[in-house]
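Here is the structure we will look at, set down as structure tokens.
The values are calculated or read from the model by the stated rules, or taken from the named source; none is laboratory data. Quantities reported herein were computed from a predicted structural model and do not represent experimental measurements. Counting neighbours? That spans all protein chains shown, and the Cβs are built from the backbone with ideal geometry, glycine included.
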Amino acid sequence: MSVEFDRKIHDTLADANLQLAVYTATGRLKDKRIQVTAAGVLPDYQELRTQANAIKKHVIDNLDHYLEEFERNVESHGGKVVYCKDATDVSDFVLDLAKRRGSRLIVKSKSMTTEEVDLNERLAHHGLESVETDLGEYILQLAHERPYHIVAPALHKTRYDVADLFTKELGVARETVPEKLTLIARGVLREKFLKADIGISGANFLIADSGAVAIIENEGNVRLTTSAPKIHIAVAGIEKVIPRAQDLAVFLKLLARSATGQLVSVYTSFLAGPRRAGEVDGPEEFYVVLLDNGRTKLLPDRSKRESLYCIRCGACLNACPVYRKIGGHSFPWVYSGPIGAIITPQFMGVSHEPGLPFASSLCGACGEVCPVKIDIPKILLELRGDVRKSEAREGLNRIEKLAFRIFAWVMTHPRIYEMAGRMAASIAPTGDGKWIRSVPAPMSVGPLKAWLSERDMPPLPPKSFREMWRNR
Amino acid sequence: MSRDNILHKVRTALGRSAGQAVADPPPVRLRVPEIAMEDRIALMRSRVEALAGKTARVPTMEAAREFVAGAIAGKTAVASNAPYLVECGISSLPGVRTGIREVGELTAVCAQVDIGITSADYALCDTGTLVMIASPAEGRLVSLLPPAHIAVVPRERILTGLDELFTILPDPAAQTSSMVLITGPSQTADIEQILIRGVHGPGQVTVVIVG
Ligand code: SF4
């Protein structure tokens with residue numbers, strides 16, 4: 001585990017308010033999901049999961065075919081597909097388009113994919129104003145923070161945090177009532193919507209047979225982003241394709257239920273190309289950016305490519321006892337929780353944060369709630385194996401190996417074992433019947449220190465079992 | 001170019017070659033239940049109301065006009081170009097702007113008025129959803145920019161749910177650049193998970209069922 005990961009976890013654990021906020025919010029989302037997926041409410045829930053999994057498996061196994069079909073159909077409606085291999089590709093495309101069209105202002109709706117490539121920062125660097133319009137994302141943009149949760153990005157912020165932020169950044173009188181704070185944001189953002197030249201959205205699904213993107217949301221900012229400006233750019237990972245519009249009947253039922261516990265989201269936008277002849281409004285230009293950014297690295301391994309089935313519902317975060325304690329910002333990349341623990345090492349390489357696949361109790365809750373049935377615990381185990389292999393390659397776990405060799409040697413030599421026991425008993429703080437919370441300095445070093453810092457031990461008895469056995 | 005590079009990487013990783021045939025995807029799964037019209041109407045109303053939307057059921061088109069006239073009562077409104085609104089006489093109510101076909105004008109009007117009035121192509125009773133298909137008759141902004149949205153829907157357009165919608169419209173892109181499903185008022189829970197309605201879209205949604 002890196003020092004950074006360790007520190008962030010400790011900071012989160014030490015912050016009582018944050019602990020409460022994360023635990024309550026995830027708990028609420030978790031309960032709502034359970035209610036709307038219950039057998040009495042959605043009798044075919046398990047069947048839908050099985051179908052969703054089968055569709056995703058089929059698409060990912062034949063990804064090139066569906067990407068090409070999607071591309072052809074987008075183009076048949078007058079849209080354009082732009083393949084991007086990484087962050088630079090995406091920002092270059094947007095910058096170039098903005099330059100050619102003389103655009104300065106961009107409105108953005110929530111997209112984890114654009115977070116992944118730091119699009120806002122890159123655009124700002126070139127003098128373009130790119131404004132997040134989802135309330136939670138807007139708050140985070142003002143605070144210069146990344147999302148705390150895939151679905152509820154500002155879950156860790158209180159109304160007072162938001163009040164301070166708005167006062168400081170927008171120069172408005174301090175308001176702490178959430179309704180009023182929302183109205184302030186609505187006012188500021190409404191103006192941006194009407195002035196912006198370009199709207200950038202994410203996409204939940206890319207529909208191959210229609211050449212359409214489907215986007216779900218509750219606020220209406222996606223609709224505004226994709227309808228008001230002259231240009232709409234949807235940014236999505238290449239894994240987001242589904243074969244047919246009809247498959248939406250399966251996925252839409254699962255996504256909102258798993259994400260927020262709603263039957264469906266307030267708005268589902270199904271968008272295919274720019275405004276057509278005769279239509280009253282809508283963008284004049286329509287682009288879909290298809291991003292790789294490491295996704296193709298997940299394809300060769302049949303088992304791990306399952307990670308690409310993810311529809312980013314966030315249910316695994318809410319179900320995860322580890323996420324609920326260490327929170328979203330402890331994770332080393334934009335994706336947190338169980339899904340973050342399996343895709344981050346695969347996108348960035350396992351040595352990016354070797355502790356990540358181990359930040360799980362393997363309780364299995366994530367796999368159980370996943371609407372597309374990704375076997376997250378299995379992938380975590382495989383990644384743990386990969387971490388060990390890579391450490392062995394880099395010779396990183398020599399100390400641990402040595403420790404285990406010594407341990408094995410001691411365990412297979414009874415006399416040595418007994419001697420070691422007596423030695424330990426003699427240097428350990430003696431039993432006043434209480435737990436041992438600290439050990440003498442010579443033992444408190446290196447990895448042992450980190451291990452012991454989180455663990456208390458029972459006091460050593462005056463006589464060992466072996467001694468008692470001999471004297472019986 | 002990134003396109004060929006990415007497609008090549010995908011194919012190599014999957015062990016496929018360009019243009020290689022693909023087995024059929026899993027069969028489409030659409031289940032359309034039988035629900036009697038009266039039950040559909042009741043379910044539609046209860047779903048919309050559960051989301052703090054309003055509903056009304058009126059027997060005739062004239063009654064629909066009267067209901068909408070009452071709802072406008074001194075406020076300003078814009079109506080979409082839906083023929084059904086014309087037939088009901090809603091488009092010619094005093095205080096209602098309609099017949100706008102230019103996007104700049106539509107945006108300006110929608111950003112100012114209190115109420116946007118539309119019909120809906122379909123409604124889905126099991127979730128309380130309005131299906132809005134963009135066309136010369138229905139713009140996107142009328143149901144989006146004003147703080148209140150009234151949708152006037154003849155009862156025969158109420159479908160059972162998503163499965164029936166996608167049975168009737170296997171590919172919505174064949175007829176429109178935009179199909180939007182609206183389920184209740186705009187909402188957010190981004191500050192302390194407190195539910196607030198009307199953040200960017202309309203905070204009030206009224207579904208008027210005719211017949
Ligand atoms: S891994 Fe499954 S549960 Fe987790 S976010 Fe993705 S789809 Fe949802």
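Being at pLDDT 90 or above and within 13 Å of the ligand (Cβ to nearest atom) holds for only one residue in A:291, A:317, and it is A:317.
Would the range A:317-337 turn up any residue that is surrounded by fewer than 24 Cβ atoms within 10 Å (Cβ to Cβ), in a loop (DSSP other than H, G, I, E, B) and on the phi > 0 side of the Ramachandran plot? Scanning the range A:317-337, I find no residue that is surrounded by fewer than 24 Cβ atoms within 10 Å (Cβ to Cβ), in a loop (DSSP other than H, G, I, E, B) and on the phi > 0 side of the Ramachandran plot, so the answer is no.
Within the range A:295-310, does at least one residue satisfy the condition of being more than 14 Å from chain B (Cβ to nearest Cβ) and either more than 13 Å from the ligand (Cβ to nearest atom) or assigned to a loop (DSSP other than H, G, I, E, B) (or both)? Give the derivation first.
First, the residues of the range A:295-310 that are more than 14 Å from chain B (Cβ to nearest Cβ): A:310.
Add one more test, that the residue is either more than 13 Å from the ligand (Cβ to nearest atom) or assigned to a loop (DSSP other than H, G, I, E, B) (or both), and what stays is A:310.
Checked against the condition, which is being more than 14 Å from chain B (Cβ to nearest Cβ) and either more than 13 Å from the ligand (Cβ to nearest atom) or assigned to a loop (DSSP other than H, G, I, E, B) (or both), the range A:295-310 yields at least one hit.
On inspection, residue B:156 passes the criterion of being surrounded by fewer than 24 Cβ atoms within 10 Å (Cβ to Cβ) and more than 7 Å from chain A (Cβ to nearest Cβ). Exactly one residue among B:171, B:126, B:114, B:121 is crowded, with 19+ Cβ neighbours inside 10 Å, of a type outside the set (Lys, Arg) and over 12 Å from the mean Cα position of the chain (by Cα), and that residue is B:126. Set side by side, the residues B:168, B:196 differ, and just one is facing chain A (nearest Cβ under 7 Å) and at negative phi, which is B:196. Does residue A:265 fit the bill of being over 24 Å from residue A:70 (Cα atoms) and within 16 Å of the ligand (Cβ to nearest atom)? Judged against the criteria, residue A:265 is a match. Could you please let me know if residue A:74 is touching a Gly at 6+ places or on another chain (Cβ under 9 Å) and at pLDDT 95 or above? Considered against the rule, which asks whether it is touching a Gly at 6+ places or on another chain (Cβ under 9 Å) and at pLDDT 95 or above, residue A:74 comes out as yes. Annotation: residue A:332 fulfils all but one of (1) within 15 Å of the ligand (Cβ to nearest atom); (2) at pLDDT below 95; the unmet one is (1). Among the residues making up the range A:248-259, those that are touching a Lys or Arg at 6+ places or on another chain (Cβ under 8 Å) and either modelled with pLDDT under 95 or within 7 Å of chain B (Cβ to nearest Cβ) (or both) are A:249, A:250. With the requirement that a residue be buried (at least 23 other Cβ atoms within 10 Å of the Cβ) and in contact with a Ser or Thr (Cβ under 8 Å, 6 or more places away or on another chain), what does the range A:371-396 give you? Passing the criteria: A:371, A:374, A:379. A count restricted to the range A:368-395 and to residues that are without any contact (Cβ under 8 Å) to a residue 24 or more places away in the chain and within 17 Å of the chain's Cα centre (by Cα) stands at 1. Of all the listed residues (A:380, A:356, A:362), the sole one being within 13 Å of the ligand (Cβ to nearest atom) and either at pLDDT 95 or above or touching a Pro at 6+ places or on another chain (Cβ under 9 Å) (or both) is A:380. A single member of A:189, A:183 is part of a helix (DSSP H, G or I), within 11 Å of another protein chain (Cβ to nearest Cβ), more than 28 Å from the chain's Cα centre (by Cα) and among the aliphatic types (A, V, I, L, M), and it is A:183. A single entry from B:141, B:169, B:162 fulfils the requirement of being farther than 29 Å from residue B:36 by Cα and out of contact with any Gly (no Cβ under 7 Å at 6 or more places or on another chain): B:141.
Look at (1) free of Cβ contacts under 8 Å to residues at least 40 places away in the same chain; (2) more than 25 Å from the chain's Cα centre (by Cα); (3) surrounded by 21 or more Cβ atoms within 10 Å (Cβ to Cβ) and you find that residue A:283 fails only one, number (1).
Pairs meeting the criteria (first residue in the range A:15-42 and modelled with pLDDT under 90, second residue part of a helix (DSSP H, G or I) and surrounded by fewer than 18 Cβ atoms within 10 Å (Cβ to Cβ), beta carbons under 9 Å, at least 6 apart or on different chains) are A:18/A:11; A:19/A:13; A:19/A:325; A:22/A:325.
Restricting to helices (runs of 4 or more DSSP H) lying wholly in the range B:45-112: which have 3 or more residues that are at negative phi and more than 14 Å from chain A (Cβ to nearest Cβ)?
Values: elements: B:61-72, B:83-88, B:103-112.
So the answer is B:61-72, B:83-88.
So which residues in the range A:22-63 are surrounded by 14 or more Cβ atoms within 10 Å (Cβ to Cβ) and not in a helix (DSSP H, G or I), if there are any at all? Within the range A:22-63, A:42, A:44, A:62 qualify.
From the residues in the range B:69-92 that are in contact with a helix residue (DSSP H, G or I) (Cβ under 8 Å, 6 or more places away or on another chain) and under 19 Å from residue B:202 (Cβ atoms), which one is surrounded by the fewest Cβ atoms within 10 Å (Cβ to Cβ)?
Going residue by residue through the range B:69-92, those that are in contact with a helix residue (DSSP H, G or I) (Cβ under 8 Å, 6 or more places away or on another chain) are B:76, B:78-79, B:87-92.
So of that shortlist, the ones also under 19 Å from residue B:202 (Cβ atoms) come out as B:76, B:78-79, B:90.
Numbers: B:76: 14, B:78: 25, B:79: 27, B:90: 28.
Of everything passing the filter in the range B:69-92, B:76 is surrounded by the fewest Cβ atoms within 10 Å (Cβ to Cβ).
I'd like to check something: does the range A:202-211 contain any residue that is surrounded by fewer than 23 Cβ atoms within 10 Å (Cβ to Cβ), more than 25 Å from residue A:97 (Cβ to Cβ), facing chain B (nearest Cβ under 7 Å) and at pLDDT 95 or above? Yes, some residue in the range A:202-211 is surrounded by fewer than 23 Cβ atoms within 10 Å (Cβ to Cβ), more than 25 Å from residue A:97 (Cβ to Cβ), facing chain B (nearest Cβ under 7 Å) and at pLDDT 95 or above. For the range B:1-40, the candidate set comprises residues that are more than 8 Å from every other protein chain (Cβ to nearest Cβ) and within 22 Å of residue A:47 (Cα to Cα); within that set, the residue that is surrounded by the most Cβ atoms within 10 Å (Cβ to Cβ) is B:35. Taking the criterion of being at the interface with chain B (Cβ under 10 Å from one of its Cβ atoms) and not aromatic (Phe, Trp, Tyr), the residues of the range A:119-150 that qualify are A:133, A:134, A:135, A:136, A:137, A:139, A:140.
Does residue A:150 satisfy the criteria of being in the same structural domain as residue A:204 (by TED's automatic domain parsing), more than 16 Å from the ligand (Cβ to nearest atom) and among the aliphatic types (A, V, I, L, M)?
no
Annotation: residue A:105 fulfils all but one of (1) closer than 30 Å to residue A:179 by Cβ; (2) surrounded by fewer than 16 Cβ atoms within 10 Å (Cβ to Cβ); the unmet one is (2).
Quickly run through the range A:224-282 and pick out the residues that are among the acidic types (Asp, Glu) and not in a loop (DSSP other than H, G, I, E, B). Please lay out each step first, then the result.
Taking the range A:224-282 and keeping what is among the acidic types (Asp, Glu), we get A:239, A:247, A:279, A:281.
Matches in the range A:224-282: A:239, A:247.
The criterion of being more than 16 Å from the ligand (Cβ to nearest atom), within 7 Å of another protein chain (Cβ to nearest Cβ) and buried (at least 24 other Cβ atoms within 10 Å of the Cβ) does not hold for residue A:278.
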